[in-house]
Each structure stands twice: as C-alpha cells, then as structure tokens.
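The values are calculated or read from the model by the stated rules, or taken from the named source; none is laboratory data. On a predicted model such as this, the values are computed, not experimentally measured, just so you know. Neighbour counts are summed over all protein chains in view; Cβ atoms, including those assigned to glycine, are modelled from backbone coordinates with ideal geometry. What goes into the accessible areas is simple: the full protein's heavy atoms, side chains included, and nothing from ligands, DNA or RNA. Shrake-Rupley method; radii C 1.70, N 1.55, O 1.52, S 1.80 Å.
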Amino acid sequence: MEKVLYDTRMAKRAVVRNMRKPDPVPFTKVGYEAMKVRLGELQAKREIVLVSLQRAREMGDLSENGAYTSARFELGNVDRELRRLEFNLKYGVIKTPENTGKVGFGNQVTVELNGKEYVYTLVGTQESDPKKAMISLESPIGLALLGKKVGDKALVVMPDRTIEYFVKKIN
C-alpha cells in the first residue's frame, strides 16, 4: 500500500481559494462618513494607549502592575473597535434612499402609535442606534415597516402582544 503525503501548503491554498467574500454592508452616506471620522479618532487614541502601555511596562514587575494590565485591556478594546471599523469600511457600500413611495433603506418614516407620532430612519444593522431613532431593517419594527406605503398598517408581533403602527409619511 502506497503512503500518501499530506501537503499542508496545498490545503491552505485550497481553503483560501474557497473562501467567500463577505456580503456588502449597507450604510447611509452620513453613517459611512462618521465611521471614517471614528477610525481616525481611534487611531490617535491607539497611539496614546501605546505610550501609556510603555510607561506602565517601565514601572517594573508586570505581574502586579495594575497600570500595565489596564493599558493592555484598553489597547485590546481599541484594536477590536479598529478591526470592526476597518472591516465595515472595506466591505461597506453607501446606499442612497429610493423614493419609490414604499418604506426602504435610508427612508425616514413617520408612524403613529396610540395617538403619538414617531419618526424613524431605517438603516443597516451596523449603523442602527435606537436612541437616535435609527432602527435596523432587520429589527422587528424595521421588518414590519419594510415595503409599506403611506396609509398602511404595520404589525409588529411579539410573544405577549401585537403592536400596530400606522404609516403617516415617508421621506
């Protein structure tokens, strides 16, 4: 019986060859530009954290050095956020809102719920911020509003209740 040799270099090439490019990440123009600004801020912050890490390293014993541990933790947080932003900038695409008369990406929607009006902007998951009324298209409210026209009702079904939104205006 012949012995088969396994070439690890070929296996690595095969894995790289079969890897699929990630799906594009949709952003509004404002959100994409804000990400670029945040990237610059984090790169500057990383330099400051590296200096504090170097100072803490010079203090001596690293096993009981709280400043060193804290600086390493902060560097890890900054690096993690930088990787996330770089990925989003690399695969992000700017989508412009379409005025089709239907709720879609980037549209600002005015809805009525129990006599009160709310204004939401529908964005991608990476850009969503409920505090700023920017909700993801993949959220329950976003999914319910998607494709609706002015005058339509959007039902958000939850385990304990159903919420009915009335679409008043689409910008």
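The table below gives the values:
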| read-out | value |
| --- | --- |
| DSSP bridge pairs, the chain: antiparallel proportion in percent, nearest 5 | 75 percent |
| Most fluctuating residue given options Ala44, Ala154, Ala34, as computed from a GNM of the chain linking Cα atoms under 10 Å | Ala44 |
| Where Cα atoms sit under 16 Å apart: lysine pairs in the range 92-171 separated by 8 or more or lying on different chains | 14 |
| Relative contact order computed over the chain (Cα-Cα under 8 Å; 6+ residues apart), in percent | 19 percent |
| Projected label distance in nm at Thr125 and Glu81, using a 7 Å step from Cα toward the beta-carbon | 2.2 nm |
| Residue-count net charge about Glu117 - beta-carbon cut-off 13 Å; Lys, Arg +1, Asp, Glu -1 | +2 |
| Candidates Asn99, Asn65, Asn107: whichever shows maximal mean-square fluctuation once the chain is modelled as a Gaussian network with Cα springs under 10 Å | Asn65 |
| Over the chain: helical MRE at 222 nm, DSSP H runs n ≥ 4 each giving -39500 (n - 2.57), nearest 500 | -14500 deg cm²/dmol |
| Surface accessible to a 1.4 Å probe, per residue, for the residues of the chain, Å² | 72 Å² |
| Principal axis box of the range 109-171, alpha-carbon based, largest edge first, Å | 30, 28, 21 |
| Crossing angle, helix 66-91 versus the chain [Cα axis fit, 0-90 degrees, rounded to tens] | 50 degrees |
| Gyration tensor over alpha-carbon atoms, the range 50-145, equivalent ellipsoid semi-axes in Å | 45, 16, 9 |
| The chain: mean projected area of Cα convex hull, nm² | 19.5 nm² |
| Distant-in-sequence amide H partners of Gly92 (H built 1.01 Å from N, under 5 Å) | Val25 |
| Residue with peak Gaussian network fluctuation, the chain [Cα springs, cutoff 10 Å], from Met19, Met35, Met158 | Met19 |
| Anisotropy class of the range 80-127 from Cα gyration tensor, a/c 1.5 cut | oblate |
| Integer Hz, Karplus 6.51/-1.76/1.60 couplings in order for the range 19-24, x for Gly and Pro | 5, 9, 5, x, 5, x |
| Using a Förster distance of 35 Å, the FRET efficiency for Lys36-Val150 (Cβ separation, nearest 0.05) | 0.50 |
| Vicinal HN-Hα couplings computed from phi for the range 149-164 (Karplus, 6.51 cos²θ - 1.76 cosθ + 1.60; Hz; Gly/Pro x) | 10, 4, x, 7, 9, 10, 9, 9, 8, 10, x, 9, 6, 10, 9, 10 |
| Gly106 long-range amide H proximity, modeled H, under 5 Å | Leu122, Val123 |
